[in-house]
Structure formats: C-alpha cells, structure tokens
Amino acid sequence: MAEIKVPELAESITEGTIAQWLKHPGDHVDKGEYIVELETDKVNVEVISEEEGVVQSLLFEEGDTVQVGDVIAIVGEGTGENNATPSAPPKEAEAPQPAQAPQPAQAQALAQTQAPAPEQPKPAQEESESRPVASPAARKLAREKGIDLSQVPTVDPLGRVRKQDVETFNPQAAAKAPAAPEKPAAGKAVAEEAGKPVERIRMSRRRQTIAKRLVEVTQTTAMLTTFNEIDMSAVMDLRKRKKEQFVKDHDTRLGFMSFFTKAVVAALKKYPYVNAEIQGNELLLKKYYDIGIAVSTEEGLVVPVVRDCDRKSFAEIEADIAAFAQKARDNKLALSDLQGGTFTITNGGVFGSLFSTPIINGTQVGILGMHTIQKRPVAVDGDRIEIRPMMYVALSYDHRVIDGKDAVGFLKTVKTLIENPEDLLLES
C-alpha cells in the first residue's frame, strides 16, 4: 500500500482544493502518472503517484480543501484490469448451481436480475455519456439508499453530485415536483430570488484569493494614482518599419510591451523607491528588476514575472512574455513563474479600456496601467493641431513609500522614453 499525500506547494501556500480526480477507485496507475489536480491560490498543480498499482480509495471529494501533507488517496497492488465491476468475478463463480431448483418466486426474481446480463458488454461510452458526474462517496451513498443519481439536483459549480446532495435528496418530494425543463449548464446553479431568475456560481479558489488580496491591498496601503498620456507615433512607426525583420531575426513578434518594460526599468533606476517594499519599519530597496506582466485567463488575472529585465534584450523580453501567455492559457504556469516580482505592468488596452486605476500587486508599491491607443487631436509646437495615436497611462503607488513628486517624475520618464524610443537603446 502507498499513500498519496499533498506535496509541498510553496512557502506561502499551505493548502489547496481538489479540482479533479484524474484516477478513481479501481483504476490502474503507473509510477509517475498524474492522479489528482489541485487548485491552489495561484496555479493548478497535478500530483503524481509514487507507486504503480491500483487506486484503492480516495479519501477526499472534489471541491474539498486539503492541507500540505494530508493523505488523499491509497494505491495498492494489482493490475486494475477488471475495475468496472470488481465484484463481478466472485458472483460468476457462484452462479452455476444446476442441482438446486429455485422456488417459483425465487425463479422469477432470478430471471429479472439476470435478464439485463447480455446487455452489459455494450460499449462503455454510452454509459459514460448518460452517467451523471458524481464523487465516489456520493455514488456509494446513492447505491445504499437506492437513489438514481440522475434525479439528484446539485449546486456544485462543475455540475458534480456530491455526498451532501444525496443526503438531502428527498425522492418523494422529487416525484411530486413538476419535471424541470432542462438542466443548467455545468458550473451554474439556476435558482430564484424574489420571484426573479438568477444564477448562483461558486467562486473558484483562485478567484476567491484574488478578491481577498485586492481587498487587503486597498485596506493596508495608502494607494493613489497619477496619470499622463503618451504619443505613440514614434513607437508605432518603429514597429511598422522593423517588425518583419524582427520576426525573421528573433522568431518572435515585436510588441509594445517590451518598449514599456524597458522604459519602466529605466524609470525604476531613476526613482528607486518605486522598486521598493515595506518590511516592518524598514524599506527594502531592490536593486534587481523582475517585472510582472499581468495576463488574463478564464479564471482571473495572473502575473508571471519576467526576470532580470535590465539585462535582457527586446527579443528576450517579448519571447518570455509570449511563453508566459501561452502557459497561462494552457494552465501550465508554475508557482515559481509568479513569485518575486518587484513591479507590475498591466495592459487593459487589449480589452479596449481607455482609462483606469490599477490596484497594486501584493507587497509591491507601484503598478503601471497601459490603455487602448486612440487617435485624438493634439496641439503640436503650440500652434498646430494634429491627429495623433495617444495612450493614457496610469501609475498607482503606495503613498507611504512614494511621494507625489517621484510618482509624477517616474511616469514622465516612461512617457519621454516611449515618445523617443531610440533613447531606450542608451538606457538598456
């Protein structure tokens, strides 16, 4: 027998939620094969089996919270070849008893129980399609109570029937109730409130953590935001002239984010308190530049960190950002990808945001918000008006650490470098 335990996740993460069991009781599992997916505050982690064998039991249900070191499953010896009906072989061995003649009532019951037998070898696909998704504990309890799981309503966000759903299910009340028109989509529970239709959706662990952290930041920092606008003409002209050759030389596209990352690094060097962190009664001024780049996923915003941006080229920064974006979409980000950033850049402009006040990320003291590029009339040389592609930028900062003068100076430095991108070569 081997115990499957929740592994060490990270220094700041002590628990997780069982998102999905990849193996179930009776399934064969190889050494090193994934058995369960855990959802943590930041990323999803797949846990492997350290032994080869058959899953004997699952000690927690999907949706349960588990601590680091908890035993969550047992793997034992075996091949797992007859897992679908593990108790079937003994029954077949006892079945041939021709000498005994059953009584009429017994014969009728026996005929009823044996009648469906020839149809059991039907493809398992048909069963899996109609079979409701339920936890092992719920299936066991339903069998003991003789309850049809397809009739049990659930409020689970993924549509799974859990043990408590079976415990509270009343077959008699369900039989009297009018038939429901359709089941709601997975992950949503349709209800009524004050006679109006609503949907009740359970927040994912990550969304709960995001909500908690954002509230903590707004309550524990003296956050303030300052704004400016940037003429994007020079950068857009440079990208237009160089983007094809850039892709040929570096096998990655030239985006705006590398320009802003380089500009931010230059500004952080000029205003080091924006690259700081409060620790008790001390300020920790960081002399390295690990820039977090906010990436949107279906489950919320994540901020992978591009390391040592002061030493990386435009191409290296663009390649790192593209790789992180793909990993975020595939839910493959590691915890190490999200830890240790000194400053964050978020780009709401990709969704069309014209103006916003971003919220500081974690223990950092500043975050730069980029926005959509919009053509606007701009006064040029004091006596001419031209239509230019303009972007509003916002710097949210912790006023406990950064004075308004430094915040405005930081943002003005970013503006100047983006409007004169050749100067970034001197700053790199």
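Quick one: what pairs do we get from the stretch 326-351, first residue among the aromatic types (Phe, Trp, Tyr), second in a strand (DSSP E or B) and open to solvent by less than 20 Å² (accessible area, probe 1.4 Å), C-beta under 6 Å, 6+ apart or different chains?
Listed pairs, sorted by first residue: Phe343/Ile291; Phe343/Gly366.
On the basis of being open to solvent by less than 40 Å² (accessible area, probe 1.4 Å) and farther than 21 Å from Arg206 by Cβ, does Ser356 make the cut?
Values: open to solvent by less than 40 Å² (accessible area, probe 1.4 Å): no; farther than 21 Å from Arg206 by Cβ: yes.
Taking the combined requirement at face value, the residue does not satisfy it.
Modelled with pLDDT under 95 and open to solvent by 10 Å² or more (accessible area, probe 1.4 Å): does that describe Val408?
On the way: modelled with pLDDT under 95: no; open to solvent by 10 Å² or more (accessible area, probe 1.4 Å): yes.
So Val408 fails the test.
Going by the conditions given, is Ala263 part of a helix (DSSP H, G or I), under 26 Å from Ala407 (Cβ atoms) and either in contact with a Pro (Cβ under 9 Å, 6 or more places away or on another chain) or of a type in the set (Ser, Thr, Tyr) (or both)?
Values: part of a helix (DSSP H, G or I): yes; under 26 Å from Ala407 (Cβ atoms): yes; either in contact with a Pro (Cβ under 9 Å, 6 or more places away or on another chain) or of a type in the set (Ser, Thr, Tyr) (or both): yes.
Taking the combined requirement at face value, the residue satisfies it.
Return the residue satisfying two criteria in turn: it lies in the stretch 43-68 and is charged (D, E, K, R) and under 20 Å from the mean Cα position of the chain (by Cα), and of such residues it is most open to solvent (accessible area, probe 1.4 Å).
Taking the stretch 43-68 first, the residues charged (D, E, K, R) are 46, 50-52, 61-62, 64.
Restricting the remaining residues to those that are under 20 Å from the mean Cα position of the chain (by Cα) gives 46, 61-62, 64.
On the way: Glu46: 71, Glu61: 25, Glu62: 26, Asp64: 41 Å².
Residue satisfying both the conditions and the ranking: Glu46.
Cβ-Cβ under 8 Å, sequence separation 6+ or interchain: first residue in the stretch 209-224 and on the phi < 0 side of the Ramachandran plot, partner modelled with pLDDT under 90 and of a type in the set (A, V, I, L, M, F, W, C). Which pairs?
Qualifying pairs under 8 Å: Ile210/Leu301; Ala211/Met203.
Given (1) modelled with pLDDT under 95; (2) part of a loop (DSSP other than H, G, I, E, B); (3) on the phi < 0 side of the Ramachandran plot, identify the lone condition not met by Lys327.
Against the list (1) modelled with pLDDT under 95; (2) part of a loop (DSSP other than H, G, I, E, B); (3) on the phi < 0 side of the Ramachandran plot, Lys327 comes up short only on (2).
Does Ser336 satisfy being part of a loop (DSSP other than H, G, I, E, B) and either surrounded by fewer than 19 Cβ atoms within 10 Å (Cβ to Cβ) or touching a Ser or Thr at 6+ places or on another chain (Cβ under 8 Å) (or both)? Break it down into steps so the answer makes sense when it comes.
Values: part of a loop (DSSP other than H, G, I, E, B): no; either surrounded by fewer than 19 Cβ atoms within 10 Å (Cβ to Cβ) or touching a Ser or Thr at 6+ places or on another chain (Cβ under 8 Å) (or both): yes.
Here the answer is no, as Ser336 does not meet what is asked.
I'm told Ser12 meets every condition in (1) surrounded by fewer than 20 Cβ atoms within 10 Å (Cβ to Cβ); (2) of a type in the set (Ser, Thr, Tyr); (3) modelled with pLDDT of 85 or more except one. Can you identify the failing condition by its number?
(3)
Here is a list: Thr226, Thr252. Which entry is touching a Leu at 6+ places or on another chain (Cβ under 9 Å) and either over 30 Å from Thr65 (Cα atoms) or not charged (D, E, K, R) (or both)?
Exactly one residue qualifies, and that residue is Thr226.
Of all the residues that make up the stretch 369-415, how many are among the polar types (S, T, N, Q), within 25 Å of Lys269 (Cβ to Cβ) and either in a strand (DSSP E or B) or within 33 Å of the chain's Cα centre (by Cα) (or both)?
1
Given Thr218, Thr226, which one is assigned to a helix (DSSP H, G or I) and assigned by the TED database to the domain that holds Gly369? Spell out the reasoning first.
Numbers: Thr226 fails: assigned to a helix (DSSP H, G or I).
Matching residue, one of Thr218, Thr226: Thr218.
Here's a check for you: in the stretch 238-265, which residue that is among the basic types (Lys, Arg) and open to solvent by less than 90 Å² (accessible area, probe 1.4 Å) is modelled with the lowest pLDDT?
Taking the stretch 238-265 as the starting set, the residues that turn out to be among the basic types (Lys, Arg) are 239-243, 248, 253, 262.
Of the ones still in play, those that are also open to solvent by less than 90 Å² (accessible area, probe 1.4 Å) are 239, 262.
On the way: Arg239: 93, Lys262: 97.
Restricting to residues being among the basic types (Lys, Arg) and open to solvent by less than 90 Å² (accessible area, probe 1.4 Å), the top hit is Arg239.
Are any of the residues in the stretch 162-180 outside any helix (DSSP H, G or I), surrounded by 14 or more Cβ atoms within 10 Å (Cβ to Cβ), among the basic types (Lys, Arg) and at pLDDT 70 or above? It would help to see each step written out before you state the result.
Step one: filter the stretch 162-180 for residues outside any helix (DSSP H, G or I), giving 162, 169-170, 177-180.
Going one step further and asking which of them are surrounded by 14 or more Cβ atoms within 10 Å (Cβ to Cβ), we end up with 162, 169.
From what's left, among the basic types (Lys, Arg): 162.
Filter once more, so that each one left must be at pLDDT 70 or above: 162.
For the stretch 162-180, residues outside any helix (DSSP H, G or I), surrounded by 14 or more Cβ atoms within 10 Å (Cβ to Cβ), among the basic types (Lys, Arg) and at pLDDT 70 or above: present.
So, Pro377, is that one touching a residue at least 60 places away in the same chain (Cβ under 8 Å), assigned by the TED database to the domain that holds Arg241 and not aromatic (Phe, Trp, Tyr) or not? Before the answer, list the steps.
Values: touching a residue at least 60 places away in the same chain (Cβ under 8 Å): no; assigned by the TED database to the domain that holds Arg241: yes; not aromatic (Phe, Trp, Tyr): yes.
Answer is no for this residue.
The values are calculated or read from the model by the stated rules, or taken from the named source; none is laboratory data. Small disclaimer: the values here were computed from a predicted structure and weren't measured. Positions of Cβ are generated from backbone atoms using ideal geometry, with glycine treated the same way; all protein chains shown enter the neighbour counts. All accessible areas refer to the heavy atoms of the entire protein, side chains included, with ligands and DNA or RNA removed. Shrake-Rupley method; radii C 1.70, N 1.55, O 1.52, S 1.80 Å.
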